[in-house]
Amino acid sequence: MQNTQVILQERPQGMVAESNFTVQQGPIGEIEEGQVLIKIAYISLDPAMRGWMNAGTTYIKGVEIGAVMRAFAIGEIIASKHAKYPVGTWVEGLLGAQSHAISTGQGLRIVPADQGNLSWHLGILGMPGMTAYFGLLERGKPEAGETVFVSGAAGIVGSTVGQIAKIKGCRVIGTAGSDQKCKYLIEECGFDAAINYKTQDVKAELARHAPDGIHVFYDNVGGPLLDTALGRLARGARVVICGAISQYNATEMYGPKNYMKIVTARGYLTGIIVFDFLERYPEAIAQIHEWLRGGKMKTKEHIFEGIEQFPAVLKKLYTGENFGKLLIKV
Ligand SMILES: NC(=O)c1ccc[n+]([C@@H]2O[C@H](COP(=O)([O-])OP(=O)(O)OC[C@H]3O[C@@H](n4cnc5c(N)ncnc54)[C@H](OP(=O)(O)O)[C@@H]3O)[C@@H](O)[C@H]2O)c1
């Protein structure tokens with residue numbers, strides 16, 4: 001039995017490229033006392049990967065050249081010398097972009113068999129879903145009747161944010177990069193309005209759909225779109241900076257120009273790192289699962305088969321070619 005691994009070959013300059021990775025075969029190795037061997041079923045592709053490919057440390061250290069690419073993954077334990085993790089247990093964690101992983105159990109989360117599809121635990125019931133839940137509720141603090149604006153709304157984080165905001169009684173507006181995605185937001189996710197930021201005038205559309213201003217802006221995109229949204233803040237608005245995908249491959253960062261609107265709107269600008277809420281994941285997973293089961297929420301996945309596709313598929317996150325949680329079935 002061989003391990004297939006995606007290795008970081010070089011650091012990208014600008015846009016992530018297939019040549020940044022190599023896919024290689026190697027021995028799996030023997031497990032020692034206190035370790036488990038996991039056969040990976042799904043690998044998650046996340047926008048943060050672009051940052052992890054850089055040198056240096058942000059909220060987490062960059063991946064070393066020659067190392068297995070960091071990735072969240074889900075798999076089944078096929079050999080165990082760890083009392084807490086018997087063979088047959090399904091686990092999720094930062095297992096890496098590879099077909100097999102050896103783990104001491106540190107950072108592993110046991111995936112309950114009775115909570116939705118396995119792959120959902122990398123999406124709506126995994127790290128991105130947790131980001132949406134805690135970012136919106138703990139940072140955005142939406143109240144019924146308020147207007148919530150979400151950028152990158154058709155993605156896994158954005159679509160989850162918008163649907164939770166609807167459940168909380170808010171009016172929800174989102175942006176996405178195609179008419180098909182906008183249609184999905186309104187017809188499937190229950191958004192009140194969706195704006196195609198590539199073909200429509202976002203400023204004019206926001207004025208139309210949020211005449212009283214935006215109370216919560218949940219930003220996944222950054223760049224000029226952030227400035228446009230800041231210009232429409234209601235008094236006391238909360239701006240949650242979750243990500244800035246428009247900037248991840250940029251060689252020069254676009255900084256916000258319209259930030260004085262925070263002053264005049266008496267607003268708050270706040271950030272979220274999902275890992276700060278690790279201890280509260282079970283509460284959020286149970287709640288989102290209940291909403292899914294009750295038909296109050298939906299989720300969409302975009303799955304490619306074969307780990308060797310990883311280098312080509314990752315780019316789709318930054319070109320908008322993914323539609324739903326991007327995963328690789330190993
Ligand atoms: N802070 C945290 O702890 C945390 C945790 C998880 C995720 N995040 C952030 O949350 C955001 C969404 O992540 P996700 O997993 O839900 O990804 P996703 O939205 O499922 O996929 C990325 C999407 O971003 C959009 N996009 C790409 N380039 C863009 C650009 N230049 N301008 C505008 N939109 C662009 C594309 O959709 P369109 O077709 O609409 O362009 C693409 O499909 C990212 O910024 C990510 O870094 C933060």
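The values are calculated or read from the model by the stated rules, or taken from the named source; none is laboratory data. For clarity, every value in this text was computed on a predicted model and none was experimentally measured. FYI the Cβ positions are ideal-geometry reconstructions off the backbone, even for glycines, and counts take in every protein chain you see. Just so you know, the surface numbers come from the protein's heavy atoms only, side chains and all, with ligands and any DNA or RNA stripped out. Shrake-Rupley method; radii C 1.70, N 1.55, O 1.52, S 1.80 Å.
Within this structure, I303 fails the test of being β-branched (V, I, T), near the ligand (Cβ under 9 Å from one of its atoms) and either crowded, with 20+ Cβ neighbours inside 10 Å or at pLDDT 95 or above (or both).
Applying the criterion of being open to solvent by 20 Å² or more (accessible area, probe 1.4 Å) and part of a strand (DSSP E or B) to the residues of region 237-251, the residue that is nearest to the ligand (Cβ to nearest atom) is I241. Of the strands (runs of 3 or more DSSP E) lying entirely inside region 7-126, those carrying at least 1 residues that are β-branched (V, I, T) and touching a His at 6+ places or on another chain (Cβ under 8 Å) are 36-44, 73-80. Beta carbons closer than 9 Å, at least 6 apart along the sequence or on distinct chains, never pair a first residue in region 193-212 that is in contact (Cβ under 8 Å) with a residue 60 or more places away in the chain with a second that is open to solvent by less than 30 Å² (accessible area, probe 1.4 Å) and assigned to a helix (DSSP H, G or I).
Against the conditions (1) surrounded by 24 or more Cβ atoms within 10 Å (Cβ to Cβ); (2) within 15 Å of the ligand (Cβ to nearest atom), I214 satisfies every one except (2).
In this structure, I74 does not qualify as β-branched (V, I, T), assigned by TED's automatic domain parsing to the domain that holds G34 and over 17 Å from the mean Cα position of the chain (by Cα). Out of all the residues in region 306-330, which are near the ligand (Cβ under 7 Å from one of its atoms), touching a Gly at 6+ places or on another chain (Cβ under 8 Å) and assigned to a strand (DSSP E or B)? Hit for region 306-330 is K325, nothing else.
Consider only pairs whose beta carbons are under 8 Å apart and that are at least six residues apart or on different chains; among these, list those whose first residue lies in region 239-262 and is more than 26 Å from R11 (Cα to Cα) and whose second residue is open to solvent by 60 Å² or more (accessible area, probe 1.4 Å) and within 13 Å of the ligand (Cβ to nearest atom). Matching pairs, first to second residue: V240/R139.
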